[in-house]
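In what follows, a single structure is set out as structure tokens and then discussed.
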Amino acid sequence: MTDSAASRESTIAVVARAERPPSETSSFRTLLITLGLLFAMVLIWEGLKAFSQANNYEITVAGVNIDLTIFNNSQLPHLSDIAASLFEPAQRNGPPLWQMLMGSVGVTLLSALQGFLLGGIIGFALAVLFAHFGALSRGLLPFVVASQTVPILAIAPMIVIWFGRVGASNLAVAVIAAYLTFFPVTIYTLRGLVSVPTTALELMQTYAASKLQILWKLRLPNAVPQIFTALKIASTASVVGAIIGELPSGAQDGLGIAILNFARYYNQSPPRLWATIFIAGLVGILFFTVIAIIERLVVRWKPESAET
């Protein structure tokens with residue numbers, strides 16, 4: 001076999017390996033890592049409680065007394081107690097906590113989804129405008145960035161008041177969620193739209209392609225991976241925004257309202273608050289996972305070697 005033939009076969013083998021989709025082994029490894037991290041968190045949680053109890057919730061380090069009462073059962077309950085609280089009545093003679101939280105999850109998830117869609121549309125529209133009009137990007141992009149320096153807790157009550165005055169108070173929570181959602185969509189989509197290969201852009205311009213044709217056939221396909229990165233970030237941000245938006249909204253239901261109510265009676269039943277917090281985190285994780293699954297179905301797997 002000649003050197004050229006051997007080199008050609010070697011190249012074909014490398015390309016074949018590069019084009020091979022991620023194996024099930026990689027997914028299994030990711031699952032093991034995730035389970036390992038969860039197990040480590042459980043060990044740390046329960047280990048801190050056991051260590052604190054063994055030392056009567058106080059230790060001395062370099063002559064300084066450190067109070068460890070934050071790890072007692074009234075402040076940091078056992079994980080088993082948190083899990084058990086889900087099957088206990090949320091209120092006297094009421095339904096179990098998990099059943100009440102399922103209704104709250106539905107309310108919060110609806111607001112989060114509305115905010116996710118609204119923020120995604122606004123962010124995508126801004127990114128397209130900024131990609132095509134440099135002057136507009138230079139003028140408005142700093143204000144888009146500055147908008148994220150304002151604490152959401154500071155503007156949430158204002159948004160609730162404004163929408164209440166126009167008779168649309170039910171949309172206030174979704175708008176607050178959209179406020180946290182539009183920014184990552186704008187930034188990541190803009191990055192994907194403008195980072196197109198120069199040669200491909202010049203070729204389309206040579207053939208007198210319109211801006212719309214360039215956007216549809218070049219910029220958007222190039223931006224799809226960045227868009228999904230933005231959507232994954234925005235999915236969790238929308239859940240956070242919905243929960244925060246429920247606090248000043250005066251809503252009757254939702255995870256934010258449940259957290260607020262259980263926080264008021266924290267000393268009476270700490271596990272209920274922790275269970276609600278964990279459920280809220282699980283909602284964000286599930287939303288993120290759904291977007292990640294859609295990404296794997298839509299975006300072709302692209303090996304890292306192809307990008308270098």
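The values are calculated or read from the model by the stated rules, or taken from the named source; none is laboratory data. Computed from a prediction, not measured in an experiment: that's the story for all the values here. Neighbour counts run over all protein chains shown; Cβ positions are idealised from the backbone, glycine included.
Just to be sure, is LEU76 touching a residue at least 12 places away in the same chain (Cβ under 8 Å) and outside the structural domain of ALA263 (by TED's automatic domain parsing)?
Values: touching a residue at least 12 places away in the same chain (Cβ under 8 Å): yes; outside the structural domain of ALA263 (by TED's automatic domain parsing): yes.
Yes: the conditions hold for LEU76.
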Subject >> Residue check, VAL173 within 16 Å of LEU117 (Cα to Cα), modelled with pLDDT of 95 or more and either in the same structural domain as LEU117 (by TED's automatic domain parsing) or within 18 Å of the chain's Cα centre (by Cα) (or both) >> reply: no
Original post:
Within the set of pairs 6 or more residues apart or between chains, which connect a residue that is over 16 Å from LEU247 (Cα atoms) inside region 170-194 to a residue that is outside any helix (DSSP H, G or I) with Cβ atoms less than 8 Å apart?
Top reply: PHE183/GLN148
Original post:
Restricting to region 198-219, what's the tally of residues that are surrounded by fewer than 16 Cβ atoms within 10 Å (Cβ to Cβ) and either touching a residue at least 24 places away in the same chain (Cβ under 8 Å) or charged (D, E, K, R) (or both)?
Top reply: 3
Original post:
Quick one: how many residues across region 49-74 are exposed (fewer than 14 other Cβ atoms within 10 Å of the Cβ) and assigned to a loop (DSSP other than H, G, I, E, B)?
Top reply: 6
Subject >> Matching option when the condition is surrounded by fewer than 12 Cβ atoms within 10 Å (Cβ to Cβ), among the hydroxyl-bearing types (Ser, Thr, Tyr) and modelled with pLDDT of 90 or more, among SER85, SER10, SER80, SER23 >> reply: SER80
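For PHE116, state whether it is within 20 Å of VAL283 (Cβ to Cβ), among the aromatic types (Phe, Trp, Tyr) and buried (at least 18 other Cβ atoms within 10 Å of the Cβ).
yes
How about region 176-280: which helices (runs of 4 or more DSSP H) wholly inside it have at least 1 residues that are closer than 30 Å to ALA146 by Cα? Working first, answer last.
Working: elements: 198-206, 211-214, 220-246, 255-264.
Qualifying helices (runs of 4 or more DSSP H): 211-214, 220-246, 255-264.
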**OP:** Filter region 181-218 for residues that are modelled with pLDDT under 90 and among the basic types (Lys, Arg) and give the result.
**Re:** LYS211, LYS217
Original post:
What is the number of the single condition among (1) outside any loop (DSSP other than H, G, I, E, B); (2) free of Cβ contacts under 8 Å to residues at least 12 places away in the same chain that GLN91 does not meet?
Top reply: (1)
